[in-house]
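First the structure, in the form of structure tokens, and then the observations on it.
The values are calculated or read from the model by the stated rules, or taken from the named source; none is laboratory data. No experiment lies behind these values; they were computed from the predicted model shown. Neighbour counts are summed over all protein chains in view; Cβ atoms, including those assigned to glycine, are modelled from backbone coordinates with ideal geometry. Areas reflect the complete protein model, heavy atoms only, side chains present, ligands, DNA and RNA absent. Shrake-Rupley method; radii C 1.70, N 1.55, O 1.52, S 1.80 Å.
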Amino acid sequence: TSSAASEAKQVISSASSESRDVLSAAQSEASAINSEAASKARDINSEAASKLEAATGEFKSAEGVRNELARKVSGLESNKASTKTELDKTFFLNFRKKGELKGKIKGFEKELKVQSKSLEKAEKTSEQANKQLQKVEEQAGKERQKADKILNDAQSASDKVTSAAEKKSSSILDGAEKKAAGITKAAEGKANGLLKQADQADKQAEKLRGK
């Protein structure tokens, strides 16, 4: 029975070692799956963020130009209006002052024409930049969903690997326990048989001595 106990112990020890190896390998595989997915997700999100940052920068720049031109046009219109008011109030025989004011108004009108055209172009540029930004934002949202799916799929795959390893590990240990129990039982049965044989031999010896 001592030999059987040793053999049973060895069976359990070997199974425990194999079980640990199975779980360790599964853990490494699961970790590799998640690590690769995380790397892909980072690359996708990083590229989307970079495009979004660029589009946002272009829109802000276009808006800055548009706002500056809008302030210039507003200022010129205000100057023109105030100069026109001053002209209207000027004595009609004060030809010199009236001439100067009319000259100023013409200058404002000329500058307004130039700046208004620039503002019109800037508004179109800003509008296009805004549309592009909206497209990039929408695409960035889709890319984030794509990255999330990669992570979720990887987690599912790694969970399956881990679950399968846990089942295999349990099966190995269960099998070893049954085998060890079988070895112990067989040894006990053999020992009991030997005891019975010895007992019968003793009884037979007693009978012979009685005769």
Would you mind stating whether residue 72 is part of a helix (DSSP H, G or I), open to solvent by 80 Å² or more (accessible area, probe 1.4 Å) and not polar (S, T, N, Q)?
yes
Quick one: would you say residue 52 is assigned to a helix (DSSP H, G or I) and over 30 Å from residue 155 (Cβ atoms)?
no
Per the list (1) surrounded by fewer than 16 Cβ atoms within 10 Å (Cβ to Cβ); (2) closer than 30 Å to residue 124 by Cβ; (3) among the charged types (D, E, K, R), residue check on residue 86 breaks on (2)
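To keep it simple, each residue is scored yes or no on (1) over 30 Å from residue 183 (Cβ atoms); (2) open to solvent by 50 Å² or more (accessible area, probe 1.4 Å); (3) charged (D, E, K, R).
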{"site": "5", "(1), (2), (3)": "no, yes, no"}
{"site": "14", "(1), (2), (3)": "no, yes, no"}
{"site": "31", "(1), (2), (3)": "yes, yes, no"}
{"site": "42", "(1), (2), (3)": "yes, yes, yes"}
{"site": "53", "(1), (2), (3)": "yes, yes, yes"}
{"site": "58", "(1), (2), (3)": "yes, yes, yes"}
{"site": "82", "(1), (2), (3)": "yes, yes, no"}
{"site": "92", "(1), (2), (3)": "yes, yes, no"}
{"site": "95", "(1), (2), (3)": "yes, yes, no"}
Enumerate the pairs (first residue in the stretch 64-78 and on the phi > 0 side of the Ramachandran plot; second residue anywhere and in a helix (DSSP H, G or I) and open to solvent by 80 Å² or more (accessible area, probe 1.4 Å)) with beta-carbon separation below 9 Å, excluding pairs fewer than 6 apart on the same chain, so at least 6 apart or on different chains.
none
Read through the list (1) open to solvent by 80 Å² or more (accessible area, probe 1.4 Å); (2) within 30 Å of residue 37 (Cα to Cα), then give the number of the only condition that residue 147 fails.
(1)
Name the residue that is modelled with the highest pLDDT, counting only residues in the stretch 172-201 that are surrounded by 12 or more Cβ atoms within 10 Å (Cβ to Cβ) and acidic (Asp, Glu).
177
Residue by residue through the stretch 155-169, note down the ones that are polar (S, T, N, Q), open to solvent by less than 60 Å² (accessible area, probe 1.4 Å) and in contact (Cβ under 8 Å) with a residue 60 or more places away in the chain.
158, 162, 169
Filter the stretch 79-93 for residues that are under 60 Å from the mean Cα position of the chain (by Cα) and touching a residue at least 24 places away in the same chain (Cβ under 8 Å) and give the result.
79, 80
Taking the conditions exactly as written (free of Cβ contacts under 8 Å to residues at least 60 places away in the same chain and either among the polar types (S, T, N, Q) or exposed (fewer than 13 other Cβ atoms within 10 Å of the Cβ) (or both)), does residue 152 satisfy them or not?
yes
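Looking at 104, 113 in this structure, which one is among the charged types (D, E, K, R) and exposed (fewer than 14 other Cβ atoms within 10 Å of the Cβ)?
Numbers: 104 fails: exposed (fewer than 14 other Cβ atoms within 10 Å of the Cβ).
Exactly one of 104, 113 is among the charged types (D, E, K, R) and exposed (fewer than 14 other Cβ atoms within 10 Å of the Cβ), namely 113.
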Might you check whether a residue that is under 30 Å from residue 47 (Cα atoms), of a type in the set (Lys, Arg) and assigned to a helix (DSSP H, G or I) occurs anywhere in the stretch 145-159?
yes
